[in-house]
Amino acid sequence: MKVLIKNAYIIDPSSSFHKKTMDVAIIEGLISDINSNIESSNFDEIISGENICLSIGWVDGGVHYKDPGEEWLENLESLQNSALEGGITTVIGFPNTHPTVQSKESLSYFKNFSKYNLVQFLNLGAITKNCEGKDFTDMMDLHYSGAVGFSDGKSPIQSSDILLKTLQYLEPLGTLLVNKSEDKYLSMFGQMHEGITSTMLGLKGIPSAAEEIMIMRDLKLLEYSGIKSDKPLLHFSTISTEESVNLIREAKKKGLPVSCDIAAHQLAFTDESLLDFNTDLKVFPPFRSSGDIEALKAGLKDGTIDMIVSDHNPLDAEHKNVEFDIADFGVIGTQTLFSVVNTYSDLDLETIIDKIATNPRKLFGLESLSIESGKMANLTVFQSDTEFEFLEVSIKSASKNSPFKGKVLKGKALAVFNNGNYKILGK
């Protein structure tokens, strides 16, 4: 395997070639040379074109695996194809599969699949057995078997005692507790963001307070625990409101070891987008107000929000092509993660790469990467200014529940390198 990337604008603050346009040679899975003009005659493949950019491989830090247990919605093969098309070389999945990711054997299922593949499948281990919020799993065993963090996934931790003990248990391991913030009693039976639009449509709303109250509780428990750490311990997954951003910003100023992420699609739609009852727009947390979107953008720019994820949740027609109030929550997003962020976030490229590549690796304790000669080639080649219409026929996921079908997006991956292999996308 000998591949040459011509005239690539390198985005990697850890590299001595950051913000330089260079030729990059990759031979047998390693970056063999980076130079201003490398002779191209000895290479098997040449990647060239206008405005090509190069970064370390992208990470999707929030994916809902459906395999094992619900393979008709998404199997590992279709998820890998979706991730590759989106330029992603690493995905991190929540533990809510069937069976739950709560044993060494369940972790090995994903390890074995991705051992020689371009996409690495990593896992958050379950905090409680079957994510039921009652009895603890053997988190230490899961940690040493490869779990990169812990969560009960789609089941937010309602018990204060469980949350506090989990924080105390994970702190010596130096690994993240990832929690979705929801007071299930406040959000129960809710269909969309609580506001004028939900009233107009006659749908029960999900108040912002359902998210914010649980963030307040979790932060108070973290402060009460007395835990001091120079890296995040408590991670808030897919926050969506202005007050949530403010609470986490203040917690960071206090020195609490916290981090958070948002789902990319939260930047693109508001609750008013649901006026035609499009079930592909039924997500959790729900689309909020335009003011909330501006707060999310501000939080991304000032570093309050550490990471952007897809919250990829494949669902078929049986779950989506029904009346709005009985449709399931969820959208797919691995394939469009970068494109959506690049189109809607108002962030510069360096900040986007920070949110979908550099920071996820730091937060989950993954191996750090750098675009330097002699380093392993875990890379994404992309163009940031290419516009395209996202069509249903181009969706690689086994499910098609994307809110961006028919939308014009900007920015597209061209190739990925990982695990000693590579793929030119679109071929």
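The values are calculated or read from the model by the stated rules, or taken from the named source; none is laboratory data. Only a predicted model underlies this, so the values are computations on that prediction, with no experimental measurement involved. Ideal geometry is used to build each Cβ from the backbone, glycine not excepted, and the neighbour counts take in all protein chains shown. To get the accessible areas, we keep the full protein, side chains included, count just its heavy atoms, and leave off ligands, DNA and RNA. Shrake-Rupley method; radii C 1.70, N 1.55, O 1.52, S 1.80 Å.
Summary table below
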item: Cut-off 14 Å between beta-carbons: net charge of the residues surrounding Ala25, Lys and Arg +1, Asp and Glu -1; result: -4
item: Estimated [θ] at 222 nm from DSSP helical runs (n ≥ 4, -39500 (n - 2.57)) normalised by residues in the chain, nearest 500; result: -7500 deg cm²/dmol
item: Carbon plus sulfur fraction of accessible area for the chain, probe 1.4 Å, in percent; result: 48 percent
item: Antiparallel bridge percentage (DSSP; both residues within region 117-273; nearest 5); result: 5 percent
item: Percent RCO, i.e. relative contact order, over region 287-366, from Cα pairs under 8 Å lying at least 6 residues apart; result: 31 percent
item: Whole-number accessible area per residue in Å² for the chain, which is evaluated in the context of all protein chains at 1.4 Å; result: 40 Å²
item: Antiparallel bridge percentage (DSSP; both residues within region 278-427; nearest 5); result: 90 percent
item: GNM result for the chain, Cα springs below 10 Å: residue of Ser229, Ser78, Ser370 fluctuating most strongly; result: Ser229
item: Euclidean distance of C-alpha centroids, region 1-71 and region 289-351, integer Å; result: 26 Å
item: Proximal charge balance of Thr270 [Cβ under 12 Å; K/R count +1, D/E count -1]; result: -3
item: Test item: Cα-centred dipole of the chain, Lys/Arg +1 and Asp/Glu -1 on Cβ, debye; result: 720 debye
item: Accessible surface, 1.4 Å probe, highest first, among residues Ser394, Ser36, Ser339; result: Ser36, Ser394, Ser339
item: Within a Gaussian network of the chain (alpha carbon springs, distance under 10 Å), most fluctuating of Lys220, Lys412, Lys254; result: Lys254
item: Full-extension gain in nm, Lys165 to Ile227, via 0.36 nm per residue minus C-alpha separation; result: 21.2 nm
item: Contact order normalised by residue count of the chain, Cα under 8 Å, 6+ apart, percent; result: 20 percent
item: Protein-only accessible surface order, largest first, of Thr386, Thr137, Thr21 at 1.4 Å; result: Thr21, Thr386, Thr137
item: Fluctuation leader among Asn37, Asn179, Asn51 - the chain, Gaussian network, Cα springs under 10 angstrom; result: Asn37
item: Antiparallel DSSP beta bridges within the chain, as percent of all bridges there, nearest 5; result: 50 percent
